[in-house]
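Here is the structure we will look at.
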Amino acid sequence: MLCTRLTNARILTMDPRHPVAHDLGIWHGRIVGLDDTVTGLPAREVVDLQGATVLPGFIDSHVHLAWAGLKAGSPSVAPCENADDVLAVVDEATSRKAPGSWVDLGGYDQRALGRHLTAAELDRVGRGRKVFLMHDSGHACVVNSAVLDLLPAEVPHEDGVLVESAMSAVRRLRLPYSQEELADAIEHAGRVCLAEGVTACAEAGVGGGLLGHSPVELGAYQLLRDRGRLPLRVQLMAAADTLRPRDAHHADGIPRALDLGLRTGFGDDWLSVGALKVYTDGGMMARTAALTSPYEGTSHTGQLQDDPGRLTELIVDGHLAGWQLAVHAIGDRAADLALDALERAQRLRSRPDARHRIEHAGLIRPDQLPRFARLGVSAVVQPAFLHSFGDDYAAVMGPERAPWMYRGRGFLDHGVPLVGSSDRPVTDGAPLRAVQFMVERASSSGRPIGPDEAVTVDEALYAYTVAGAAACRWDDSAGSLAPGKRADLVVLGDDPRRVDTSRIADIEVVTTFVDGRDTKEGRKL
(Lines give C-alpha, C1' and ligand atoms only; values in the text may rest on other atoms or scores of the structure.)
Protein backbone atom coordinates (compact mmCIF):
# COMPACT_ATOMS: atom_id res chain seq x y z
CA MET A 1 0.00 0.00 0.00
CA LEU A 2 1.20 3.52 -0.84
CA CYS A 3 1.41 6.18 1.82
CA THR A 4 -0.01 8.71 -0.63
CA ARG A 5 -0.98 9.08 -4.25
CA LEU A 6 -1.10 12.52 -5.85
CA THR A 7 -3.60 12.52 -8.68
CA ASN A 8 -5.27 14.81 -11.22
CA ALA A 9 -2.11 16.86 -11.67
CA ARG A 10 0.14 18.02 -14.50
CA ILE A 11 3.43 16.64 -13.22
CA LEU A 12 6.50 17.98 -15.04
CA THR A 13 9.05 15.44 -13.90
CA MET A 14 12.19 16.91 -15.55
CA ASP A 15 13.00 13.28 -16.38
CA PRO A 16 13.20 12.71 -20.18
CA ARG A 17 12.19 9.06 -19.73
CA HIS A 18 8.76 10.10 -18.45
CA PRO A 19 8.46 13.89 -18.90
CA VAL A 20 4.80 14.40 -17.96
CA ALA A 21 2.62 12.42 -15.55
CA HIS A 22 -0.79 12.73 -13.90
CA ASP A 23 -0.32 10.45 -10.86
CA LEU A 24 2.60 10.09 -8.45
CA GLY A 25 2.99 7.56 -5.64
CA ILE A 26 4.88 8.19 -2.39
CA TRP A 27 6.12 5.71 0.17
CA HIS A 28 8.04 6.88 3.26
CA GLY A 29 9.29 10.08 1.68
CA ARG A 30 10.33 8.56 -1.64
CA ILE A 31 8.70 8.44 -5.05
CA VAL A 32 7.78 4.86 -5.94
CA GLY A 33 6.10 5.28 -9.32
CA LEU A 34 4.19 7.38 -11.82
CA ASP A 35 0.89 7.00 -13.67
CA ASP A 36 -0.18 3.40 -14.42
CA THR A 37 2.37 1.89 -12.05
CA VAL A 38 0.63 3.51 -9.07
CA THR A 39 -2.87 4.54 -10.24
CA GLY A 40 -4.45 1.19 -9.32
CA LEU A 41 -2.60 0.69 -6.05
CA PRO A 42 -4.32 1.24 -2.70
CA ALA A 43 -3.14 4.29 -0.77
CA ARG A 44 -3.71 5.55 2.75
CA GLU A 45 -4.39 8.98 1.28
CA VAL A 46 -5.28 10.18 -2.20
CA VAL A 47 -4.73 13.89 -2.84
CA ASP A 48 -6.61 15.41 -5.75
CA LEU A 49 -4.54 18.36 -6.97
CA GLN A 50 -7.34 19.56 -9.24
CA GLY A 51 -5.19 20.07 -12.31
CA ALA A 52 -2.34 21.94 -10.60
CA THR A 53 1.17 21.83 -12.03
CA VAL A 54 3.80 19.89 -10.08
CA LEU A 55 7.57 20.30 -10.46
CA PRO A 56 10.56 18.96 -8.57
CA GLY A 57 11.22 21.20 -5.60
CA PHE A 58 13.40 24.12 -6.62
CA ILE A 59 17.03 23.99 -5.54
CA ASP A 60 18.62 27.32 -4.64
CA SER A 61 22.29 26.58 -5.03
CA HIS A 62 23.67 29.73 -3.38
CA VAL A 63 21.99 31.34 -0.37
CA HIS A 64 22.85 32.96 2.96
CA LEU A 65 20.11 31.80 5.31
CA ALA A 66 21.60 33.14 8.54
CA TRP A 67 22.20 36.56 7.02
CA ALA A 68 18.72 36.58 5.46
CA GLY A 69 17.08 35.80 8.78
CA LEU A 70 19.18 38.28 10.73
CA LYS A 71 18.49 40.98 8.14
CA ALA A 72 14.75 40.34 8.35
CA GLY A 73 14.89 40.92 12.11
CA SER A 74 16.92 44.15 11.95
CA PRO A 75 15.82 47.73 11.26
CA SER A 76 16.19 48.63 7.60
CA VAL A 77 17.00 51.91 5.87
CA ALA A 78 15.61 50.64 2.56
CA PRO A 79 14.76 52.15 0.23
CA CYS A 80 17.72 54.54 0.43
CA GLU A 81 16.33 57.62 -1.36
CA ASN A 82 18.13 60.44 0.43
CA ALA A 83 20.63 60.77 3.25
CA ASP A 84 18.26 62.54 5.65
CA ASP A 85 15.72 59.71 5.47
CA VAL A 86 18.42 57.13 6.12
CA LEU A 87 19.77 59.08 9.09
CA ALA A 88 16.25 59.41 10.51
CA VAL A 89 15.93 55.62 10.60
CA VAL A 90 19.35 55.31 12.26
CA ASP A 91 18.31 57.95 14.80
CA GLU A 92 15.18 55.98 15.68
CA ALA A 93 17.14 52.71 15.97
CA THR A 94 19.83 54.15 18.23
CA SER A 95 17.20 55.72 20.50
CA ARG A 96 15.98 52.22 21.35
CA LYS A 97 19.40 50.85 22.35
CA ALA A 98 21.30 51.17 25.61
CA PRO A 99 24.38 53.40 25.74
CA GLY A 100 27.49 51.67 24.44
CA SER A 101 25.57 48.94 22.60
CA TRP A 102 25.81 47.90 18.96
CA VAL A 103 23.08 49.02 16.58
CA ASP A 104 22.75 46.88 13.42
CA LEU A 105 20.80 48.12 10.42
CA GLY A 106 20.36 46.68 6.92
CA GLY A 107 19.07 47.82 3.56
CA TYR A 108 21.88 50.30 2.82
CA ASP A 109 22.69 51.04 -0.84
CA GLN A 110 24.69 54.13 -1.70
CA ARG A 111 23.79 54.18 -5.38
CA ALA A 112 20.49 56.00 -5.01
CA LEU A 113 22.18 58.57 -2.77
CA GLY A 114 24.93 59.25 -5.29
CA ARG A 115 27.56 58.82 -2.57
CA HIS A 116 28.30 56.93 0.63
CA LEU A 117 27.25 58.16 4.02
CA THR A 118 30.11 59.13 6.31
CA ALA A 119 31.09 58.30 9.87
CA ALA A 120 30.53 61.95 10.81
CA GLU A 121 26.94 61.82 9.57
CA LEU A 122 26.27 58.66 11.58
CA ASP A 123 27.86 60.30 14.62
CA ARG A 124 25.15 62.99 14.57
CA VAL A 125 22.45 60.36 15.14
CA GLY A 126 24.52 57.67 16.85
CA ARG A 127 24.03 58.81 20.45
CA GLY A 128 27.41 57.25 21.27
CA ARG A 129 26.21 53.78 20.26
CA LYS A 130 28.29 51.67 17.87
CA VAL A 131 26.45 51.90 14.54
CA PHE A 132 26.91 49.20 11.89
CA LEU A 133 25.07 49.88 8.62
CA MET A 134 25.25 46.82 6.36
CA HIS A 135 25.41 47.23 2.59
CA ASP A 136 22.85 45.16 0.70
CA SER A 137 25.63 43.46 -1.28
CA GLY A 138 27.22 42.01 1.86
CA HIS A 139 30.58 43.38 0.67
CA ALA A 140 30.64 46.72 2.50
CA CYS A 141 29.39 48.58 5.56
CA VAL A 142 29.40 52.06 7.04
CA VAL A 143 30.22 52.63 10.71
CA ASN A 144 30.47 55.64 12.99
CA SER A 145 33.40 56.97 15.00
CA ALA A 146 32.47 54.88 18.02
CA VAL A 147 33.41 51.84 15.92
CA LEU A 148 36.36 53.39 14.09
CA ASP A 149 37.97 54.30 17.42
CA LEU A 150 38.13 50.59 18.29
CA LEU A 151 39.71 49.44 15.02
CA PRO A 152 43.46 48.93 14.58
CA ALA A 153 45.01 51.87 12.73
CA GLU A 154 46.01 49.71 9.77
CA VAL A 155 42.42 48.75 8.88
CA PRO A 156 41.58 50.76 5.73
CA HIS A 157 38.40 52.79 5.44
CA GLU A 158 37.09 55.89 3.68
CA ASP A 159 35.16 58.14 6.03
CA GLY A 160 33.67 55.12 7.80
CA VAL A 161 33.09 52.97 4.71
CA LEU A 162 34.76 49.57 4.98
CA VAL A 163 34.79 46.94 2.25
CA GLU A 164 35.57 43.23 2.04
CA SER A 165 38.18 42.02 4.57
CA ALA A 166 38.18 45.38 6.38
CA MET A 167 34.56 44.69 7.29
CA SER A 168 35.65 41.46 8.97
CA ALA A 169 37.85 43.54 11.27
CA VAL A 170 34.68 45.23 12.53
CA ARG A 171 33.05 41.85 13.10
CA ARG A 172 35.98 40.81 15.26
CA LEU A 173 35.28 43.65 17.67
CA ARG A 174 32.10 42.03 18.93
CA LEU A 175 30.91 38.80 20.44
CA PRO A 176 29.77 36.28 17.80
CA TYR A 177 26.10 35.54 17.39
CA SER A 178 24.85 32.75 19.63
CA GLN A 179 23.73 29.47 18.11
CA GLU A 180 20.18 30.16 19.30
CA GLU A 181 20.15 33.53 17.49
CA LEU A 182 21.48 31.94 14.33
CA ALA A 183 19.07 29.01 14.56
CA ASP A 184 16.07 31.33 14.79
CA ALA A 185 17.33 33.37 11.83
CA ILE A 186 18.00 30.27 9.72
CA GLU A 187 14.58 28.81 10.47
CA HIS A 188 12.86 32.06 9.49
CA ALA A 189 14.73 32.30 6.19
CA GLY A 190 14.17 28.62 5.48
CA ARG A 191 10.42 29.03 5.80
CA VAL A 192 10.50 31.90 3.33
CA CYS A 193 12.33 29.58 0.93
CA LEU A 194 9.64 26.93 1.35
CA ALA A 195 6.91 29.45 0.58
CA GLU A 196 8.68 30.18 -2.72
CA GLY A 197 8.91 26.50 -3.70
CA VAL A 198 12.50 25.86 -2.59
CA THR A 199 13.01 22.46 -0.99
CA ALA A 200 16.81 22.39 -0.77
CA CYS A 201 19.58 24.96 -0.79
CA ALA A 202 23.32 25.43 -0.45
CA GLU A 203 24.44 27.83 2.28
CA ALA A 204 27.33 29.70 0.68
CA GLY A 205 29.96 29.83 3.38
CA VAL A 206 29.70 29.00 7.09
CA GLY A 207 32.30 29.75 9.73
CA GLY A 208 33.78 32.78 7.97
CA GLY A 209 33.94 36.31 9.29
CA LEU A 210 32.10 38.13 6.52
CA LEU A 211 28.41 37.28 7.12
CA GLY A 212 27.46 34.64 9.70
CA HIS A 213 30.01 35.89 12.24
CA SER A 214 30.36 32.74 14.28
CA PRO A 215 33.15 30.17 14.36
CA VAL A 216 30.58 27.57 15.41
CA GLU A 217 27.92 28.49 12.83
CA LEU A 218 27.49 24.90 11.66
CA GLY A 219 26.28 24.02 15.13
CA ALA A 220 23.22 26.23 14.68
CA TYR A 221 22.12 24.08 11.74
CA GLN A 222 22.69 20.94 13.78
CA LEU A 223 20.62 22.46 16.58
CA LEU A 224 17.71 22.92 14.17
CA ARG A 225 18.19 19.41 12.79
CA ASP A 226 18.19 17.88 16.27
CA ARG A 227 15.03 19.75 17.23
CA GLY A 228 13.16 18.95 14.03
CA ARG A 229 13.06 22.63 13.07
CA LEU A 230 15.20 22.59 9.93
CA PRO A 231 12.59 23.57 7.33
CA LEU A 232 14.35 22.29 4.22
CA ARG A 233 17.42 20.37 3.13
CA VAL A 234 20.63 22.35 3.53
CA GLN A 235 24.11 21.79 2.21
CA LEU A 236 26.76 23.84 3.97
CA MET A 237 29.77 25.29 2.18
CA ALA A 238 32.70 25.72 4.54
CA ALA A 239 34.36 29.12 4.27
CA ALA A 240 37.90 28.62 2.99
CA ASP A 241 39.42 30.56 5.88
CA THR A 242 38.28 27.76 8.21
CA LEU A 243 40.92 25.44 6.72
CA ARG A 244 44.16 25.03 8.65
CA PRO A 245 47.54 23.61 7.65
CA ARG A 246 47.67 19.98 8.73
CA ASP A 247 50.55 17.54 9.09
CA ALA A 248 48.66 14.71 7.45
CA HIS A 249 50.37 11.61 6.11
CA HIS A 250 52.24 12.53 2.95
CA ALA A 251 50.36 9.87 0.98
CA ASP A 252 47.08 11.65 1.78
CA GLY A 253 48.20 14.72 -0.13
CA ILE A 254 46.20 17.05 2.12
CA PRO A 255 47.99 20.35 2.75
CA ARG A 256 45.07 21.99 4.62
CA ALA A 257 41.89 20.65 6.17
CA LEU A 258 39.08 21.25 8.62
CA ASP A 259 39.55 19.61 11.99
CA LEU A 260 39.15 15.83 11.71
CA GLY A 261 39.61 16.06 7.93
CA LEU A 262 35.93 16.69 7.14
CA ARG A 263 35.24 17.57 3.53
CA THR A 264 32.57 17.57 0.81
CA GLY A 265 29.98 14.81 1.27
CA PHE A 266 29.84 14.44 5.05
CA GLY A 267 26.30 14.39 6.47
CA ASP A 268 22.87 13.06 5.56
CA ASP A 269 19.90 13.86 3.33
CA TRP A 270 18.89 16.84 5.47
CA LEU A 271 22.19 18.44 6.48
CA SER A 272 25.54 17.90 4.85
CA VAL A 273 28.90 19.48 4.09
CA GLY A 274 29.17 20.69 0.51
CA ALA A 275 31.78 22.69 -1.32
CA LEU A 276 34.65 24.78 0.00
CA LYS A 277 33.77 28.46 -0.52
CA VAL A 278 36.63 30.67 -1.71
CA TYR A 279 36.18 34.42 -2.19
CA THR A 280 38.36 35.95 -4.91
CA ASP A 281 36.72 39.38 -5.32
CA GLY A 282 33.81 41.54 -4.16
CA GLY A 283 30.60 42.62 -5.86
CA MET A 284 29.27 44.96 -8.52
CA MET A 285 26.97 46.86 -6.14
CA ALA A 286 29.91 47.83 -3.94
CA ARG A 287 32.13 48.33 -7.04
CA THR A 288 34.61 45.78 -5.67
CA ALA A 289 34.18 43.05 -8.32
CA ALA A 290 37.61 42.62 -9.94
CA LEU A 291 37.55 43.64 -13.61
CA THR A 292 40.19 43.59 -16.33
CA SER A 293 39.04 47.04 -17.53
CA PRO A 294 37.77 49.86 -15.31
CA TYR A 295 34.19 50.49 -14.36
CA GLU A 296 32.67 52.78 -16.98
CA GLY A 297 33.73 56.41 -16.50
CA THR A 298 36.29 55.59 -13.79
CA SER A 299 39.86 54.36 -13.45
CA HIS A 300 38.78 51.82 -10.83
CA THR A 301 38.92 48.07 -11.58
CA GLY A 302 37.69 46.64 -8.28
CA GLN A 303 39.81 44.43 -6.08
CA LEU A 304 40.82 40.90 -5.31
CA GLN A 305 40.23 39.65 -1.79
CA ASP A 306 43.88 38.75 -1.27
CA ASP A 307 47.19 38.39 -3.03
CA PRO A 308 46.61 36.41 -6.27
CA GLY A 309 49.27 33.88 -5.35
CA ARG A 310 47.70 33.15 -1.97
CA LEU A 311 44.25 32.82 -3.49
CA THR A 312 45.57 30.41 -6.09
CA GLU A 313 47.34 28.36 -3.44
CA LEU A 314 44.14 28.14 -1.40
CA ILE A 315 42.11 26.91 -4.37
CA VAL A 316 44.76 24.35 -5.30
CA ASP A 317 45.09 23.11 -1.72
CA GLY A 318 41.31 22.68 -1.48
CA HIS A 319 41.28 20.61 -4.65
CA LEU A 320 44.18 18.46 -3.47
CA ALA A 321 42.41 17.85 -0.15
CA GLY A 322 39.39 16.39 -1.96
CA TRP A 323 36.99 19.29 -1.75
CA GLN A 324 34.49 20.37 -4.33
CA LEU A 325 35.27 24.06 -4.81
CA ALA A 326 32.80 26.93 -5.01
CA VAL A 327 34.88 29.90 -6.09
CA HIS A 328 33.25 33.31 -5.75
CA ALA A 329 34.24 35.26 -8.87
CA ILE A 330 32.03 38.10 -10.08
CA GLY A 331 34.38 40.16 -12.25
CA ASP A 332 36.18 38.80 -15.30
CA ARG A 333 39.61 39.37 -13.71
CA ALA A 334 38.53 37.25 -10.74
CA ALA A 335 37.19 34.60 -13.14
CA ASP A 336 40.60 34.49 -14.85
CA LEU A 337 42.24 33.82 -11.49
CA ALA A 338 39.69 31.13 -10.62
CA LEU A 339 39.99 29.34 -13.96
CA ASP A 340 43.79 29.48 -13.87
CA ALA A 341 43.86 28.04 -10.35
CA LEU A 342 41.37 25.26 -11.14
CA GLU A 343 43.32 24.32 -14.26
CA ARG A 344 46.54 24.15 -12.25
CA ALA A 345 44.83 22.06 -9.58
CA GLN A 346 43.55 19.52 -12.13
CA ARG A 347 47.02 19.24 -13.66
CA LEU A 348 48.47 18.39 -10.27
CA ARG A 349 45.77 15.84 -9.45
CA SER A 350 43.13 14.92 -11.96
CA ARG A 351 39.63 14.68 -10.48
CA PRO A 352 37.21 14.41 -13.42
CA ASP A 353 34.07 14.44 -11.23
CA ALA A 354 35.15 17.22 -8.89
CA ARG A 355 32.18 19.34 -10.04
CA HIS A 356 33.91 22.60 -9.21
CA ARG A 357 31.71 25.67 -9.44
CA ILE A 358 32.23 29.35 -10.06
CA GLU A 359 29.77 31.31 -7.96
CA HIS A 360 28.13 34.32 -9.64
CA ALA A 361 30.20 34.42 -12.86
CA GLY A 362 28.85 37.94 -13.10
CA LEU A 363 30.95 39.23 -16.00
CA ILE A 364 32.36 36.55 -18.30
CA ARG A 365 34.15 37.50 -21.52
CA PRO A 366 33.52 35.45 -24.67
CA ASP A 367 37.04 34.00 -24.54
CA GLN A 368 36.40 32.63 -21.04
CA LEU A 369 33.41 30.49 -22.02
CA PRO A 370 35.44 27.69 -23.67
CA ARG A 371 37.65 27.52 -20.58
CA PHE A 372 34.62 26.91 -18.34
CA ALA A 373 33.60 24.05 -20.63
CA ARG A 374 37.06 22.54 -20.92
CA LEU A 375 37.48 22.47 -17.13
CA GLY A 376 33.98 21.10 -16.51
CA VAL A 377 33.15 24.03 -14.23
CA SER A 378 29.53 24.95 -13.48
CA ALA A 379 28.34 28.56 -13.56
CA VAL A 380 26.15 29.27 -10.53
CA VAL A 381 24.38 32.50 -11.49
CA GLN A 382 21.86 34.82 -9.84
CA PRO A 383 19.46 35.97 -12.58
CA ALA A 384 17.45 38.17 -10.22
CA PHE A 385 20.46 40.46 -9.81
CA LEU A 386 19.92 41.80 -13.29
CA HIS A 387 16.18 42.09 -12.78
CA SER A 388 16.76 44.20 -9.65
CA PHE A 389 20.02 45.96 -10.48
CA GLY A 390 20.38 45.57 -14.23
CA ASP A 391 20.04 49.27 -15.10
CA ASP A 392 22.87 50.17 -12.76
CA TYR A 393 25.08 47.23 -13.70
CA ALA A 394 24.66 47.93 -17.41
CA ALA A 395 25.66 51.56 -16.85
CA VAL A 396 28.85 50.73 -14.96
CA MET A 397 29.85 47.96 -17.39
CA GLY A 398 29.16 49.94 -20.56
CA PRO A 399 27.58 48.79 -23.83
CA GLU A 400 30.31 46.31 -24.84
CA ARG A 401 30.37 44.40 -21.55
CA ALA A 402 26.72 44.64 -20.47
CA PRO A 403 25.69 41.60 -22.61
CA TRP A 404 28.31 39.47 -20.83
CA MET A 405 26.67 39.78 -17.41
CA TYR A 406 25.11 36.76 -15.71
CA ARG A 407 24.98 34.85 -18.95
CA GLY A 408 22.56 32.10 -19.86
CA ARG A 409 22.67 31.13 -23.53
CA GLY A 410 26.42 31.62 -23.78
CA PHE A 411 27.06 29.05 -21.07
CA LEU A 412 24.60 26.51 -22.45
CA ASP A 413 25.85 26.84 -26.04
CA HIS A 414 29.37 26.04 -24.81
CA GLY A 415 28.22 23.03 -22.81
CA VAL A 416 28.70 24.73 -19.43
CA PRO A 417 26.22 23.64 -16.73
CA LEU A 418 23.99 26.64 -15.93
CA VAL A 419 22.83 26.58 -12.31
CA GLY A 420 20.21 28.94 -10.86
CA SER A 421 20.45 30.55 -7.44
CA SER A 422 19.49 33.71 -5.55
CA ASP A 423 22.26 34.80 -3.14
CA ARG A 424 19.39 35.76 -0.85
CA PRO A 425 19.04 38.19 0.89
CA VAL A 426 20.90 40.41 -1.58
CA THR A 427 17.70 40.59 -3.64
CA ASP A 428 14.47 38.73 -4.40
CA GLY A 429 15.04 35.02 -3.87
CA ALA A 430 11.93 33.64 -5.62
CA PRO A 431 12.94 31.06 -8.27
CA LEU A 432 9.96 31.88 -10.49
CA ARG A 433 11.07 35.52 -10.65
CA ALA A 434 14.51 34.37 -11.75
CA VAL A 435 13.04 31.97 -14.33
CA GLN A 436 11.07 34.83 -15.86
CA PHE A 437 14.19 37.00 -16.10
CA MET A 438 16.22 34.21 -17.69
CA VAL A 439 13.64 34.07 -20.49
CA GLU A 440 12.94 37.80 -20.82
CA ARG A 441 16.37 39.26 -19.98
CA ALA A 442 14.77 42.56 -18.94
CA SER A 443 15.41 44.62 -15.81
CA SER A 444 12.59 45.80 -13.56
CA SER A 445 12.40 48.99 -15.64
CA GLY A 446 11.95 46.94 -18.81
CA ARG A 447 15.48 47.57 -20.12
CA PRO A 448 16.86 44.65 -22.18
CA ILE A 449 20.03 43.24 -20.59
CA GLY A 450 21.93 41.00 -23.00
CA PRO A 451 18.84 39.69 -24.82
CA ASP A 452 20.98 37.21 -26.78
CA GLU A 453 21.64 35.46 -23.46
CA ALA A 454 17.96 34.50 -23.05
CA VAL A 455 17.12 30.82 -22.50
CA THR A 456 13.87 28.88 -22.83
CA VAL A 457 11.48 28.28 -19.95
CA ASP A 458 12.45 24.60 -19.91
CA GLU A 459 16.16 25.51 -19.71
CA ALA A 460 15.51 27.96 -16.88
CA LEU A 461 13.50 25.37 -14.92
CA TYR A 462 16.28 22.85 -15.53
CA ALA A 463 18.77 25.30 -13.96
CA TYR A 464 16.71 25.33 -10.75
CA THR A 465 16.08 21.58 -10.60
CA VAL A 466 18.28 19.07 -12.43
CA ALA A 467 21.33 21.33 -12.76
CA GLY A 468 21.03 22.47 -9.16
CA ALA A 469 20.96 18.87 -7.96
CA ALA A 470 24.07 18.03 -10.00
CA ALA A 471 25.93 21.10 -8.73
CA CYS A 472 25.20 20.04 -5.14
CA ARG A 473 25.97 16.38 -5.89
CA TRP A 474 22.36 15.43 -5.20
CA ASP A 475 21.57 14.13 -8.69
CA ASP A 476 20.96 10.57 -7.43
CA SER A 477 18.19 11.74 -5.10
CA ALA A 478 16.83 15.11 -6.23
CA GLY A 479 16.27 17.40 -9.21
CA SER A 480 13.66 15.27 -10.99
CA LEU A 481 10.55 13.31 -10.05
CA ALA A 482 11.47 9.70 -10.71
CA PRO A 483 11.09 6.42 -8.80
CA GLY A 484 13.57 6.19 -5.95
CA LYS A 485 14.09 9.91 -5.59
CA ARG A 486 12.99 12.09 -2.68
CA ALA A 487 9.39 13.20 -2.59
CA ASP A 488 10.41 16.86 -2.71
CA LEU A 489 8.15 18.83 -5.00
CA VAL A 490 6.39 22.14 -5.53
CA VAL A 491 2.74 22.57 -6.51
CA LEU A 492 2.06 25.61 -8.71
CA GLY A 493 -1.16 27.31 -9.65
CA ASP A 494 -0.19 27.31 -13.33
CA ASP A 495 2.32 25.84 -15.77
CA PRO A 496 5.32 28.17 -16.36
CA ARG A 497 5.66 26.74 -19.85
CA ARG A 498 2.08 27.60 -20.84
CA VAL A 499 1.52 31.10 -19.42
CA ASP A 500 2.73 34.30 -21.00
CA THR A 501 6.35 34.88 -19.99
CA SER A 502 5.45 38.13 -18.23
CA ARG A 503 3.24 36.13 -15.81
CA ILE A 504 5.73 33.48 -14.68
CA ALA A 505 6.84 35.35 -11.55
CA ASP A 506 3.22 35.79 -10.48
CA ILE A 507 2.31 32.08 -10.56
CA GLU A 508 1.01 31.01 -7.17
CA VAL A 509 3.12 28.57 -5.16
CA VAL A 510 0.23 26.49 -3.79
CA THR A 511 2.34 24.37 -1.48
CA THR A 512 5.72 22.70 -1.14
CA PHE A 513 6.46 19.11 -0.17
CA VAL A 514 9.70 18.01 1.51
CA ASP A 515 10.30 14.35 2.26
CA GLY A 516 6.65 13.61 1.59
CA ARG A 517 5.41 16.34 3.90
CA ASP A 518 3.03 19.08 2.85
CA THR A 519 4.86 21.97 4.50
CA LYS A 520 1.94 24.36 4.27
CA GLU A 521 -0.60 22.02 5.84
CA GLY A 522 1.79 20.14 8.09
CA ARG A 523 0.32 16.96 6.66
CA LYS A 524 2.46 13.84 6.37
CA LEU A 525 2.24 12.28 2.92
Packing rank of 134-142, 97-105, 166-174, where each peptide gets the mean count of other beta carbons within 10 Å, highest leading = 134-142, 166-174, 97-105
Overall dimensions of the range 22-165 by Cα: Rg and Dmax, Å = 24.9, 74
Which one of LEU461, PHE385, VAL86 is farthest out on the positive end of the charge dipole of the chain, using unit charges on Cβ (Lys, Arg +1; Asp, Glu -1) and the Cα centre as origin?
-> LEU461
Surface/4 estimate of mean projected area, convex hull on alpha-carbon atoms of the range 276-324, nm² | 3.9
Rounded to whole Hz and in sequence order, give me ³J(HN,Hα) for the range 459-472 from the Karplus expression 6.51 cos²θ - 1.76 cosθ + 1.60, θ = phi - 60°, writing x for Gly and Pro.
-> 5, 5, 5, 4, 4, 9, 10, 4, 5, x, 5, 5, 5, 9
Solvent-accessible heavy-atom area per residue, rounded to whole Å², over the range 56-201 at 1.4 Å | 39
So what's Rg/Rh here for the range 184-246, counting alpha carbon atoms and using the Kirkwood radius for Rh?
-> 1.00
Name the residues whose placed amide hydrogens come within less than 5 Å of the amide hydrogen of ALA140, ignoring near sequence neighbours (fewer than 5 apart) on the same chain.
-> HIS135, GLU164
About the Cα centre of the range 108-158, what is the dipole size in debye to 20, counting +1 per Lys and Arg Cβ and -1 per Asp and Glu Cβ, all else neutral?
-> 220
The chain: projected area of the alpha-carbon convex hull, averaged over directions, in nm² = 24.4
What helices in the chain pass both tests, a Cα length along the helix axis of 15 Å or more and a mean Kyte hydropathy of -0.5 or higher, using whole DSSP H runs?
-> 83-95, 179-195, 308-320, 332-348, 383-401
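Starting from the Kirkwood Rh over alpha-carbon pairs, what translational D in µm² s⁻¹ does the range 81-214 have by Stokes-Einstein at 4 °C and 1.567 mPa s?
81
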What list of whole percents do you get for P(r) of the range 250-343, with Cα-Cα distances grouped in 5 Å bins up to the one holding the largest distance?
-> 3, 13, 21, 18, 15, 12, 9, 5, 3, 1, 0
How many lysine pairs are close in the chain, with Cα atoms under 21 Å apart and the two 8 or more places apart or on different chains?
-> 4
Count charges around LEU175 for me, please; just the other residues with Cβ under 15 Å from its Cβ, Lys/Arg as +1, Asp/Glu as -1.
-> 0
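Which value, in debye to the nearest 20, describes the size of the charge dipole of the chain about its Cα centre when Lys and Arg Cβ atoms bear +1, Asp and Glu Cβ atoms bear -1, and nothing else is charged? Show your work: numbers first, answer last.
Details: 56 positive and 71 negative charges, 200 e Å.
For the chain, the charge dipole is close to 960 debye.
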Amide H contacts under 5 Å for VAL206, placed H, 5+ residues apart | MET237, ALA238, ALA239
Find the Cα radius of gyration of the range 117-176, compare it with 2.2 N^0.38 Å by division, and give the number to two decimals.
-> 1.00
Quick one: check the C-alpha center-to-center distance for the range 172-227 versus the range 235-296, whole angstrom.
-> 17
What fraction, in whole percent, of alpha-carbon pairs in the range 1-100 exceed 16 Å separation?
-> 70
Loop-located trypsin sites (Lys or Arg not before Pro) in the range 343-380, at most 13 other Cβ atoms within 10 Å (DSSP) | ARG349
Long-range share for the range 406-525, i.e. C-alpha pairs more than 21 Å apart as a percent of all pairs, stands at 44
Across 5 Å bins beginning at 0, the whole-percent shares of Cα-Cα pair distances in the range 86-150 come to 4, 19, 32, 26, 14, 4, 0
Out of every Cα-Cα pair in the range 356-402, what percent are more than 12 Å apart?
-> 67
Work from the charge dipole of the chain (Cβ charges, +1 for Lys and Arg, -1 for Asp and Glu, about the Cα centre) and give the residue of GLY376, GLY69, PRO308 farthest towards its positive end.
-> GLY376
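The values are calculated or read from the model by the stated rules, or taken from the named source; none is laboratory data. Just so it is clear, the structure is predicted and the values come from calculations on it, not from any experiment. Here the Cβ is made from the backbone with ideal geometry for all residues, glycine too, and neighbour counts use every protein chain on show. The area values use the complete protein model at the heavy-atom level, side chains included, leaving out ligands, DNA and RNA. Shrake-Rupley method; radii C 1.70, N 1.55, O 1.52, S 1.80 Å.
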